[in-house]
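Quick note: the coordinates plus some simple rules give every number you see, no bench work behind them. Treat the numbers as computed from the prediction; the structure is a model and nothing was measured. Cβ: placed from backbone, ideal geometry, glycine included. Neighbour counts: every protein chain shown.
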Amino acid sequence: MEEKLRLLQELADVPLEEWTEAELREFHYVLADVSPWLNSQGVSLHHQVINELMERDHSRK
């Protein structure tokens, strides 16, 4: 059974540490696709998502 992803609006006040890995990966791809149109807050969020994914990956090793 596939896990249900929360909408970005639902995640706005949730610390990235509490996002599921599936949510981080999904919104990384979404933010990457719309990156030419992101404002500074969107770019900042995308960088935070990337950093959180990298931290989780490093902590598994």
Exercise for the section: Tabulate in residue order the Karplus-calculated ³J(HN,Hα) for segment 20-31, using 6.51 cos²θ - 1.76 cosθ + 1.60 with θ = phi - 60°, rounded to whole Hz; enter x for Gly and Pro. Expected result: 6, 5, 4, 5, 4, 5, 4, 6, 4, 5, 4, 5
Practice task
Mind giving me the FRET efficiency for Gln48 and Lys4? R0 is 25 Å, r the Cβ-Cβ distance, nearest 0.05 is fine.
Solution key: 0.65
Exercise for the section: Read through the labelled values [x] 35; [y] 24; [z] 53 and report the label of the one computed as percent of Cα pairs over 20 Å apart from the structure. Expected result: [y]
Exercise for the section: Output ³J(HN,Hα) for segment 36-43: one whole-Hz value per residue in order, computed from phi by the Karplus curve 6.51 cos²θ - 1.76 cosθ + 1.60 with θ = phi - 60°, and x for Gly and Pro. Expected result: x, 10, 6, 7, 4, 5, x, 4
Completion exercise
Out of Ala12, Ala22, Ala32, a Gaussian network model of the chain with alpha-carbon springs under 10 Å gives the largest mean-square fluctuation to Ala12
